[in-house]
Structures are given as C-alpha cells and as structure tokens.
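**Q** Handing you this structure, nothing more for now.
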Amino acid sequence: MKVVSWNVNSLRVRLPQVLQLIQQASPDVIALQETKLQNQDFPRDELESAGYRLVFNGQRTYNGVALMSRTEPADIITDIPGLDDPQRRLAGATIDGIRFINVYVPNGQALDSDKYQYKLRWLEAFTDLLSEEMAAHKKLLLMGDFNIAPEDQDVYDPAAWQGQVLVSDAERRALKKIMALGLQDTFRLFPQEDSRFSWWDYRAGAFPRNRGLRIDLMLASAEMAELCQAADIDMDSRGHDRPSDHALISADFSS
DNA sequence: ATGGCTGGGTCTCCCAGA
C-alpha cells in the first residue's frame with residue numbers, strides 16, 4: 001500500500017500536479033492539506049474519475065483537508081470533539097482496515113501570537129482524540145502538515161531557529177506527547193541523508209539552497225510501523241513548475 | 001537586510017503562510 005501526504009497550498013492551483021501524481025504513482029491513499037476550497041468547489045468529478053473515493057473538509061481561503069482512497073472510507077471524522085473550531089484541519093477514516101488521520105496543524109505564527117495559543121490548544125484537544133483513536137485501532141497512520149520540526153536535525157539552521165515558532169519547546173513537547181501514545185516517525189525508520197526537509201520558503205532561493213524544515217510527517221502505530229517498507233520525501237514535487245512550498249511525503253506498507 | 005515569494009480575497013493592496 002502506497003500512502004502519500006501533501007500540503008498543496010491551494011488545490012485549485014495544484015490540481016494538475018495531483019492528477020499527474022495519480023497517473024505516475026497511483027497511491028492507494030492520498031492526504032491533502034491546505035486545499036483552500038469550500039466543499040462545493042472541491043474538484044469531485046476530476047478526482048472521482050481518476051479512481052478515488054473522497055473525504056473532504058474544506059473552507060474558503062484558508063485550511064481545508066482531504067483524504068482520498070481507492071477503496072471506500074468508513075467511520076469518517078472531520079472534527080475534534082470538545083473543540084469548537086470553525087477551521088477545517090482534520091479528515092479521518094478507516095480504509096482497508098487501517099485508520100488514517102490527516103491533519104493540518106495550525107501554524108502558530110509567532111510565540112507571542114494568539115495563534116500560537118490556539119495551536120497549543122488545538123494540539124491538546126487533538127491528542128485527546130488521538131488517544132481514543134489509538135485505543136480503538138491497532139493499525140493507525142497519522143499524517144499531514146504538523147507545523148513542528150521534531151528535532152534540530154529537521155531544521156537547516158537550528159541556531160537561527162532556536163525558540164521560534166515551529167521548533168519551540170512547547171510545540172515539540174506537544175508532538176512528543178502525541179508520539180508517546182505509540183507512534184513512530186516513518187521517515188526515521190530508515191537511514192536518511194542529513195539535511196532532508198519537507199518545506200522551503202518560497203523566498204530568497206530557500207529551495208535551491210536547501211534552507212528548509214521537515215514539518216510534514218507520517219507517524220505510524222507499532223503495528224503499522226512493522227509493515228512499513230519505505231518512507232521518502234519527493235523532492236521533484238517541490239522542484240516542479242509552480243510548486244507548492246511543501247514537498248510530498250510518502251510511505252509504503254506491506255499488506 | 002525581519003526582507004524575500006505565493007495564493008486568495010476585501011482584488012493592484014492586504015493578510016497569512018512557515
């Protein structure tokens with residue numbers, strides 16, 4: 001089973017690239033973040049014609065996530081219980097007996113911003129939900145744009161980023177708490193070169209200079225981690241004409 | 001050098017992203 005996750009930064013702009021991905025890689029499950037489309041504007045026909053069942057949870061301008069699969073999704077969730085939140089950041093479903101949860105974690109903007117407090121509150125409420133999901137599903141894959149670089153090795157210049165949003169102690173603690181529920185970073189299950197990232201600023205030649213962060217993650221429960229055969233970051237997706245600022249990440253699982 | 005670039009909406013400026 002091939003699974004991919006991609007922050008497309010507008011599905012309207014990136015739809016041709018998603019269709020190309022389908023043609024070239026034919027993933028079994030595709031998680032998208034930052035679709036930036038209301039549900040009524042979601043490109044249903046194009047993606048259903050390409051052979052996918054769709055779960056989408058969208059809003060205008062900001063946020064929006066989707067979960068696409070070759071087979072029928074069941075037990076769909078689109079909200080975090082107990083969190084009254086108009087922002088559309090979650091799409092989960094059971095597909096082929098595996099629980100998939102796709103998240104677009106809030107960015108946080110800056111440590112002194114209200115958005116940072118919202119990010120921490122969101123993560124706390126999400127962790128409660130995830131704890132229940134983990135208890136109910138042995139095979140679980142949590143993926144998406146976490147907007148947190150787990151370790152300094154996931155940051156191109158850790159000294160310059162020290163204490164900033166995306167790497168701050170509170171954010172990393174929140175991520176550790178999520179992983180302590182029994183999740184493993186699939187990317188780190190395999191030997192990796194240094195300085196491999198998943199996001200690069202559009203500005204100042206950040207991508208050609210590889211000044212990036214690894215903030216897009218695919219986290220697997222123990223049972224899923226055992227089945228994981230490979231995990232990768234698709235650099236071509238970021239080198240594309242008119243690219244998203246995020247690369248697509250992928251993992252393969254034996255059935 | 002707190003800039004730069006991109007997408008979307010309020011639409012040729014502003015907000016947000018990370």
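Laboratory data are not the source of any read-out in this text; all were calculated from the coordinates shown. In this text the structure is predicted, and so the values were computed from the model without any measurement. Every residue, glycine among them, receives a Cβ derived from its backbone with ideal geometry; neighbour counts consider all protein chains shown.
**Q** Under the 0.36 nm per residue contour assumption, what length would be gained going from the current alpha-carbon distance of A:Ser26 and A:Ala180 to full extension?
**A** 52.2 nm
**Q** Can I ask one more? Students often forget the sequence filter, so: which lysines lie under 23 Å Cα-Cα from A:Lys138 once same-chain residues fewer than 8 apart are removed?
**A** Within the straight-line cut-off, A:Lys138 pairs with A:Lys2, A:Lys176, A:Lys177.
**Q** Related question: Once you charge only the Cβ atoms, +1 for Lys and Arg and -1 for Asp and Glu, what is the size of the charge dipole of the stretch A:122-197 about its Cα centre, to the nearest 20 debye?
**A** Computed about the Cα centre, the dipole is about 300 debye.
**Q** What's the FRET efficiency of A:Asp201 with A:Asp241 using the Cβ-Cβ distance as r and R₀ = 25 Å, to the nearest 0.05?
**A** 0.90
**Q** Identify all lysines with a Cα-Cα distance to A:Lys36 below 21 Å; exclude those on the same chain that are fewer than 8 residues away in sequence.
**A** Counting by Cα, and skipping residues close in sequence, A:Lys36 has these lysines nearby: A:Lys115, A:Lys119.
**Q** In the stretch A:53-94, which trypsin sites (Lys or Arg not before Pro) fall in coil by DSSP and have 16 or fewer other Cβ atoms within 10 Å?
**A** A:Arg60, A:Arg70
**Q** Determine the relative contact order of the stretch A:1-107: mean sequence separation of Cα pairs under 8 Å and six or more apart, normalised by residue count, in whole percent.
**A** Relative CO of the stretch A:1-107 lands at 22 percent.
**Q** Still on this structure, please answer the following. List every DSSP H helix in chain A whose Cα atoms extend 27 Å or more along the helix's own long axis and whose mean Kyte-Doolittle hydropathy is at least -1.0.
**A** Span-like helices here: A:114-136.
**Q** May I pose another question? Using the Cα centre of chain A as the reference point, and only Cβ charges (+1 on K/R, -1 on D/E), how large is the resulting charge dipole? Debye, rounded to the nearest 20.
**A** Details: 28 positive and 38 negative charges, 70 e Å.
Using only the charged Cβ atoms, the result is roughly 340 debye.
**Q** Between A:Arg12 and A:Phe190, what is the label-point separation in nm under the 7 Å Cα-to-beta-carbon projection?
**A** Reported label-point gap for A:Phe190 and A:Arg12 is 3.6 nm.
**Q** Mind sorting A:Leu140, A:Leu111, A:Leu83, A:Leu213 by how few other Cβ atoms lie within 10 Å of their own Cβ, fewest first? Present the calculation step by step, with values, prior to reporting the outcome.
**A** Working: A:Leu140 24, A:Leu111 13, A:Leu83 16, A:Leu213 21.
Ordered from fewest to most neighbouring Cβ atoms within 10 Å, A:Leu140, A:Leu111, A:Leu83, A:Leu213 come out as A:Leu111, A:Leu83, A:Leu213, A:Leu140.
**Q** On a full-extension model of 0.36 nm per residue, what is the gain between A:Thr127 and A:Leu19, subtracting their alpha-carbon distance, rounded to one decimal in nm?
**A** Separation in residues times 0.36 nm, less the Cα-Cα distance, equals 35.6 nm.
**Q** Can you compute log10 of I(q)/I(0) for the stretch A:15-72 with the Debye formula, treating each Cα as one identical point scatterer, at q = 0.17, 0.21, 0.26 Å⁻¹?
**A** -0.50, -0.76, -1.12
**Q** Could I ask something else about it? Can you put A:Thr71, A:Thr35 in order of Cβ neighbours within 10 angstrom, beginning with the fewest?
**A** Arranged by neighbour count, lowest to highest, A:Thr71, A:Thr35 become A:Thr71, A:Thr35.
**Q** As a footprinting exposure proxy, order A:Ile249, A:Ile215 by other Cβ within 10 Å, with the fewest listed first.
**A** A:Ile215, A:Ile249
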